[in-house]
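Only one structure is covered here, and it is reproduced in the block below.
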Amino acid sequence: MGKIIAVSNQKGGVGKTTTAINLASGLGYLGNKVLLVDFDPQGNATQGVGANVSGNKLSVYNLIMEDYEADAVRKTLSSPPIDIIPANISLAGADLQMVKFEVGKEELLKKKLDKIRDEYDFIIIDCPPSLGLLNTNALTAADSVIIPVQCEYYALEGVTQLLLTIRLVQQLFNEKLMIEGVVLTMFDARTKLSVEVQQEVRKHFKDRVYRSYIPRNIKLSEAPSRGMSIFEYDVRCEGAKAYAGLANEVVKSNRK
Ligand SMILES: Nc1ncnc2c1ncn2[C@@H]1O[C@H](COP(=O)(O)OP(=O)(O)OP(=O)(O)O)[C@@H](O)[C@H]1O
Ligand SMILES: [Mg+2]
(Lines give C-alpha, C1' and ligand atoms only; values in the text may rest on other atoms or scores of the structure.)
(Ligands and ions follow the chains in the order given, each with its own letter.)
Protein backbone atom coordinates (compact mmCIF):
# COMPACT_ATOMS: atom_id res chain seq x y z
CA MET A 1 0.00 0.00 0.00
CA GLY A 2 1.35 3.40 -1.00
CA LYS A 3 2.64 5.82 1.59
CA ILE A 4 1.08 9.26 1.48
CA ILE A 5 3.43 12.06 2.54
CA ALA A 6 2.40 15.72 2.85
CA VAL A 7 5.10 18.36 2.41
CA SER A 8 3.88 21.07 4.73
CA ASN A 9 4.90 24.29 6.46
CA GLN A 10 2.52 27.21 6.64
CA LYS A 11 5.42 29.60 6.23
CA GLY A 12 5.70 30.81 2.63
CA GLY A 13 8.72 30.27 0.43
CA VAL A 14 10.58 27.74 2.58
CA GLY A 15 11.06 25.18 -0.20
CA LYS A 16 7.90 23.05 0.03
CA THR A 17 7.26 22.91 -3.70
CA THR A 18 10.93 22.52 -4.62
CA THR A 19 11.09 19.62 -2.16
CA ALA A 20 7.80 18.05 -3.31
CA ILE A 21 8.82 18.12 -6.98
CA ASN A 22 12.37 16.90 -6.53
CA LEU A 23 11.65 14.34 -3.84
CA ALA A 24 8.82 12.90 -5.95
CA SER A 25 11.07 12.87 -9.01
CA GLY A 26 13.99 11.37 -7.09
CA LEU A 27 11.74 8.60 -5.80
CA GLY A 28 10.50 8.05 -9.35
CA TYR A 29 14.02 7.73 -10.74
CA LEU A 30 14.81 5.20 -7.98
CA GLY A 31 12.15 2.98 -9.55
CA ASN A 32 9.20 3.77 -7.32
CA LYS A 33 5.71 4.38 -8.62
CA VAL A 34 5.03 7.97 -7.56
CA LEU A 35 2.10 10.37 -7.66
CA LEU A 36 2.66 14.08 -7.01
CA VAL A 37 -0.48 15.88 -5.86
CA ASP A 38 -0.38 19.64 -6.29
CA PHE A 39 -2.60 20.92 -3.49
CA ASP A 40 -1.75 24.61 -3.68
CA PRO A 41 -3.91 27.06 -5.68
CA GLN A 42 -0.67 28.70 -6.83
CA GLY A 43 -0.11 25.61 -8.99
CA ASN A 44 3.66 25.89 -8.66
CA ALA A 45 4.29 22.14 -8.58
CA THR A 46 2.12 21.72 -11.69
CA GLN A 47 3.99 24.40 -13.60
CA GLY A 48 7.31 23.23 -12.22
CA VAL A 49 7.02 19.86 -13.92
CA GLY A 50 5.53 21.36 -17.07
CA ALA A 51 2.04 19.94 -16.54
CA ASN A 52 0.20 23.24 -16.78
CA VAL A 53 -3.57 23.24 -16.75
CA SER A 54 -5.38 26.10 -18.34
CA GLY A 55 -8.86 27.15 -17.20
CA ASN A 56 -10.92 24.37 -18.74
CA LYS A 57 -8.82 21.31 -17.92
CA LEU A 58 -9.55 19.10 -14.94
CA SER A 59 -7.51 19.57 -11.80
CA VAL A 60 -7.44 18.56 -8.15
CA TYR A 61 -10.37 20.96 -7.65
CA ASN A 62 -12.62 18.69 -9.73
CA LEU A 63 -11.30 15.65 -7.88
CA ILE A 64 -12.20 16.87 -4.41
CA MET A 65 -15.26 19.00 -5.12
CA GLU A 66 -16.99 16.95 -7.86
CA ASP A 67 -17.67 13.35 -8.82
CA TYR A 68 -14.46 12.92 -10.80
CA GLU A 69 -12.06 10.14 -9.87
CA ALA A 70 -8.27 10.30 -10.08
CA ASP A 71 -8.22 8.69 -13.54
CA ALA A 72 -9.91 11.74 -15.01
CA VAL A 73 -7.53 14.28 -13.52
CA ARG A 74 -4.10 12.68 -13.30
CA LYS A 75 -1.44 12.84 -15.95
CA THR A 76 1.47 10.49 -16.50
CA LEU A 77 4.77 12.24 -17.21
CA SER A 78 7.87 10.59 -18.63
CA SER A 79 10.60 12.87 -17.37
CA PRO A 80 10.38 13.00 -14.42
CA PRO A 81 8.82 9.50 -14.32
CA ILE A 82 5.87 10.35 -12.10
CA ASP A 83 2.12 10.90 -12.27
CA ILE A 84 0.74 14.28 -11.28
CA ILE A 85 -2.63 15.58 -10.21
CA PRO A 86 -2.41 19.24 -11.21
CA ALA A 87 -3.79 22.29 -9.45
CA ASN A 88 -4.68 25.78 -10.50
CA ILE A 89 -6.28 28.85 -9.01
CA SER A 90 -9.73 27.23 -8.92
CA LEU A 91 -8.55 25.40 -5.79
CA ALA A 92 -8.71 28.71 -3.95
CA GLY A 93 -12.48 28.60 -4.49
CA ALA A 94 -12.65 25.11 -2.99
CA ASP A 95 -11.10 26.44 0.19
CA LEU A 96 -14.05 28.83 0.53
CA GLN A 97 -16.77 26.43 -0.65
CA MET A 98 -15.71 23.63 1.69
CA VAL A 99 -16.28 25.76 4.77
CA LYS A 100 -20.03 25.45 4.19
CA PHE A 101 -20.06 21.64 4.14
CA GLU A 102 -21.63 20.24 7.28
CA VAL A 103 -19.74 16.97 7.43
CA GLY A 104 -16.63 15.51 5.88
CA LYS A 105 -15.02 18.71 4.70
CA GLU A 106 -11.66 17.63 6.13
CA GLU A 107 -11.75 14.28 4.36
CA LEU A 108 -12.42 15.26 0.74
CA LEU A 109 -8.88 14.56 -0.47
CA LYS A 110 -8.45 11.44 1.68
CA LYS A 111 -11.60 9.86 0.19
CA LYS A 112 -10.23 10.16 -3.34
CA LEU A 113 -6.60 9.26 -2.62
CA ASP A 114 -7.46 6.16 -0.58
CA LYS A 115 -9.00 4.64 -3.71
CA ILE A 116 -5.74 4.84 -5.67
CA ARG A 117 -3.04 4.48 -3.04
CA ASP A 118 -2.51 0.81 -3.90
CA GLU A 119 -1.30 1.86 -7.33
CA TYR A 120 1.68 3.76 -5.90
CA ASP A 121 4.71 3.36 -3.66
CA PHE A 122 4.62 7.03 -2.68
CA ILE A 123 2.07 9.82 -2.98
CA ILE A 124 3.60 13.24 -2.29
CA ILE A 125 1.29 16.19 -1.55
CA ASP A 126 2.55 19.76 -2.02
CA CYS A 127 0.68 21.89 0.55
CA PRO A 128 -0.17 25.59 0.39
CA PRO A 129 1.44 28.12 2.76
CA SER A 130 -1.46 28.34 5.21
CA LEU A 131 -3.10 26.35 7.96
CA GLY A 132 -6.63 26.38 6.53
CA LEU A 133 -8.89 23.62 5.28
CA LEU A 134 -6.66 22.72 2.34
CA ASN A 135 -3.79 21.99 4.67
CA THR A 136 -6.11 20.05 7.00
CA ASN A 137 -7.32 17.99 4.04
CA ALA A 138 -3.72 17.17 3.11
CA LEU A 139 -2.80 16.20 6.69
CA THR A 140 -5.94 14.10 7.01
CA ALA A 141 -5.16 12.23 3.80
CA ALA A 142 -1.49 11.71 4.69
CA ASP A 143 0.31 9.02 6.67
CA SER A 144 3.12 11.40 7.49
CA VAL A 145 4.49 14.90 7.05
CA ILE A 146 7.82 16.14 5.74
CA ILE A 147 8.55 19.62 7.12
CA PRO A 148 10.96 21.75 5.10
CA VAL A 149 12.74 24.26 7.32
CA GLN A 150 14.56 27.13 5.69
CA CYS A 151 17.93 27.95 7.23
CA GLU A 152 17.17 31.53 8.30
CA TYR A 153 16.07 33.57 11.31
CA TYR A 154 12.78 32.50 12.91
CA ALA A 155 13.03 29.15 11.14
CA LEU A 156 11.48 27.34 14.09
CA GLU A 157 8.81 29.89 14.85
CA GLY A 158 6.32 28.69 12.24
CA VAL A 159 7.16 25.07 12.93
CA THR A 160 5.77 25.29 16.47
CA GLN A 161 2.41 26.27 15.01
CA LEU A 162 2.56 23.49 12.45
CA LEU A 163 3.27 20.94 15.20
CA LEU A 164 0.16 22.15 17.05
CA THR A 165 -1.89 21.74 13.88
CA ILE A 166 -0.50 18.26 13.36
CA ARG A 167 -1.50 17.34 16.91
CA LEU A 168 -4.99 18.71 16.35
CA VAL A 169 -5.41 16.74 13.13
CA GLN A 170 -4.18 13.65 14.97
CA GLN A 171 -6.83 14.15 17.64
CA LEU A 172 -9.71 14.95 15.33
CA PHE A 173 -9.25 13.26 11.95
CA ASN A 174 -6.13 11.13 11.60
CA GLU A 175 -4.65 9.60 14.72
CA LYS A 176 -1.97 7.76 12.74
CA LEU A 177 -0.43 10.89 11.27
CA MET A 178 3.33 10.94 11.91
CA ILE A 179 6.25 13.23 11.27
CA GLU A 180 8.18 11.61 8.44
CA GLY A 181 11.10 13.99 8.80
CA VAL A 182 12.43 17.52 8.79
CA VAL A 183 14.51 18.69 5.86
CA LEU A 184 16.78 21.72 6.02
CA THR A 185 16.51 23.84 2.89
CA MET A 186 18.46 26.70 1.31
CA PHE A 187 21.47 25.92 3.46
CA ASP A 188 24.40 28.25 2.82
CA ALA A 189 27.61 26.90 4.33
CA ARG A 190 29.26 30.33 4.03
CA THR A 191 26.91 31.93 6.53
CA LYS A 192 27.18 31.46 10.27
CA LEU A 193 23.40 31.75 10.43
CA SER A 194 22.78 28.65 8.29
CA VAL A 195 25.16 26.65 10.45
CA GLU A 196 23.49 27.89 13.64
CA VAL A 197 19.97 27.16 12.38
CA GLN A 198 21.07 23.70 11.30
CA GLN A 199 22.44 23.01 14.82
CA GLU A 200 19.32 24.37 16.49
CA VAL A 201 16.94 22.35 14.32
CA ARG A 202 18.99 19.19 14.87
CA LYS A 203 19.01 19.82 18.62
CA HIS A 204 15.24 20.24 18.60
CA PHE A 205 14.19 17.42 16.24
CA LYS A 206 17.18 15.12 16.77
CA ASP A 207 17.17 12.07 14.46
CA ARG A 208 14.00 13.20 12.77
CA VAL A 209 16.11 15.63 10.73
CA TYR A 210 17.38 14.11 7.48
CA ARG A 211 21.13 13.85 7.14
CA SER A 212 20.74 15.19 3.60
CA TYR A 213 20.27 18.95 3.65
CA ILE A 214 19.43 21.05 0.63
CA PRO A 215 22.00 23.72 -0.22
CA ARG A 216 21.07 27.07 -1.68
CA ASN A 217 21.59 26.26 -5.33
CA ILE A 218 20.63 28.51 -8.24
CA LYS A 219 19.87 25.51 -10.48
CA LEU A 220 17.06 24.49 -8.12
CA SER A 221 15.39 27.85 -8.69
CA GLU A 222 15.94 27.75 -12.47
CA ALA A 223 14.62 24.23 -13.17
CA PRO A 224 10.88 24.95 -12.63
CA SER A 225 10.84 27.66 -15.30
CA ARG A 226 11.83 24.95 -17.79
CA GLY A 227 9.21 22.57 -16.47
CA MET A 228 11.92 20.19 -15.33
CA SER A 229 12.85 18.54 -12.09
CA ILE A 230 16.45 19.08 -11.03
CA PHE A 231 17.32 15.63 -12.39
CA GLU A 232 16.52 16.59 -15.98
CA TYR A 233 17.81 20.13 -15.63
CA ASP A 234 21.26 19.41 -14.19
CA VAL A 235 21.73 16.00 -12.64
CA ARG A 236 25.29 16.80 -11.56
CA CYS A 237 24.60 19.96 -9.54
CA GLU A 238 24.68 20.07 -5.75
CA GLY A 239 20.90 20.49 -5.58
CA ALA A 240 20.35 17.26 -7.52
CA LYS A 241 22.80 15.37 -5.32
CA ALA A 242 21.05 16.65 -2.20
CA TYR A 243 17.55 15.67 -3.38
CA ALA A 244 18.83 12.27 -4.55
CA GLY A 245 20.22 11.82 -1.04
CA LEU A 246 16.90 12.81 0.49
CA ALA A 247 14.98 10.39 -1.76
CA ASN A 248 17.35 7.59 -0.72
CA GLU A 249 16.82 8.36 2.96
CA VAL A 250 13.04 8.36 2.52
CA VAL A 251 13.16 4.97 0.76
CA LYS A 252 15.46 3.49 3.43
CA SER A 253 13.44 4.70 6.39
CA ASN A 254 10.30 3.22 4.83
CA ARG A 255 11.87 -0.17 4.26
CA LYS A 256 12.35 -0.82 7.97
N1 LIG B 1 17.63 25.13 -2.30
C2 LIG B 1 17.28 26.21 -2.99
N3 LIG B 1 18.21 27.01 -3.56
C4 LIG B 1 17.85 28.11 -4.24
N5 LIG B 1 16.59 28.50 -4.43
C6 LIG B 1 15.62 27.76 -3.89
C7 LIG B 1 15.91 26.57 -3.15
N8 LIG B 1 14.72 26.02 -2.73
C9 LIG B 1 13.76 26.84 -3.18
N10 LIG B 1 14.28 27.87 -3.88
C11 LIG B 1 13.54 28.99 -4.49
O12 LIG B 1 12.93 29.72 -3.44
C13 LIG B 1 11.60 30.09 -3.79
C14 LIG B 1 10.61 29.44 -2.81
O15 LIG B 1 10.71 28.03 -2.94
P16 LIG B 1 9.40 27.12 -3.04
O17 LIG B 1 8.47 27.64 -4.07
O18 LIG B 1 9.85 25.71 -3.16
O19 LIG B 1 8.82 27.38 -1.60
P20 LIG B 1 7.35 27.06 -1.07
O21 LIG B 1 7.49 26.80 0.39
O22 LIG B 1 6.70 26.04 -1.89
O23 LIG B 1 6.61 28.46 -1.31
P24 LIG B 1 5.04 28.74 -1.11
O25 LIG B 1 4.87 28.85 0.37
O26 LIG B 1 4.78 30.02 -1.84
O27 LIG B 1 4.30 27.58 -1.68
C28 LIG B 1 11.41 29.63 -5.22
O29 LIG B 1 11.71 30.69 -6.08
C30 LIG B 1 12.42 28.51 -5.38
O31 LIG B 1 12.85 28.36 -6.72
MG1 LIG C 1 4.84 26.07 -2.85
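Brief remarks on what is shown
- Meets criteria (part of a strand (DSSP E or B), under 24 Å from Gln150 (Cβ atoms), within 16 Å of ligand 2 (Cβ to nearest atom) and of a type in the set (Val, Ile, Thr)) for Ile5: yes
- Selection status of Ile124, of a type in the set (Val, Ile, Thr), part of a helix (DSSP H, G or I) and within 20 Å of the chain's Cα centre (by Cα): no
- Pairs with Cβ under 7 Å, 6+ apart, first in region 6-23 and under 19 Å from Ala240 (Cα atoms), second near ligand 1 (Cβ under 6 Å from one of its atoms) and aliphatic (A, V, I, L, M): Gly15/Met186; Gly15/Ile214; Thr18/Leu220
- Lone unmet requirement of (1) part of a loop (DSSP other than H, G, I, E, B); (2) within 18 Å of the chain's Cα centre (by Cα); (3) within 19 Å of Phe173 (Cα to Cα) for Ala87: (3)
- Applying the condition of being polar (S, T, N, Q) and over 23 Å from Pro81 (Cα atoms) to region 198-216 and asking which residue is surrounded by the fewest Cβ atoms within 10 Å (Cβ to Cβ) yields Gln199.
- Pick from region 127-167, criterion more than 21 Å from Asn22 (Cα to Cα) and in a loop (DSSP other than H, G, I, E, B), ranking: nearest to ligand 2 (Cβ to nearest atom): Ser130
- Taken over region 60-117, the criterion of being among the hydroxyl-bearing types (Ser, Thr, Tyr) and surrounded by 19 or more Cβ atoms within 10 Å (Cβ to Cβ) is satisfied by Tyr61 alone.
- Region 1-52 - residue that is of a type in the set (Lys, Arg) and modelled with pLDDT of 95 or more and, of those, nearest to ligand 1 (Cβ to nearest atom): Lys16
- Applying a threshold of 6 Å to beta carbon distances and a minimum spacing of six or more residues, or different chains, the list of pairs starting in region 227-254 at a residue that is over 16 Å from Arg211 (Cβ atoms) and ending at one that is modelled with pLDDT under 95 reads Gly227/Gly50; Glu232/Ser79.
- Of the residues making up region 179-235, those that are within 16 Å of ligand 2 (Cβ to nearest atom), outside any helix (DSSP H, G or I) and of a type outside the set (S, T, N, Q) are Val183, Met186, Ile214, Gly227.
- Selection count, region 64-84, where residues are more than 19 Å from Asp121 (Cα to Cα) and either in contact (Cβ under 8 Å) with a residue 60 or more places away in the chain or within 18 Å of the chain's Cα centre (by Cα) (or both): 1
- Residue match in region 9-27 (condition: over 21 Å from Leu220 (Cα atoms) and in a helix (DSSP H, G or I)): no
The values are calculated or read from the model by the stated rules, or taken from the named source; none is laboratory data. Please read these numbers as outputs of a predicted model, since none were measured by experiment. Glycine also receives a Cβ, built like all others from the backbone with ideal geometry; neighbour counts cover every protein chain displayed.
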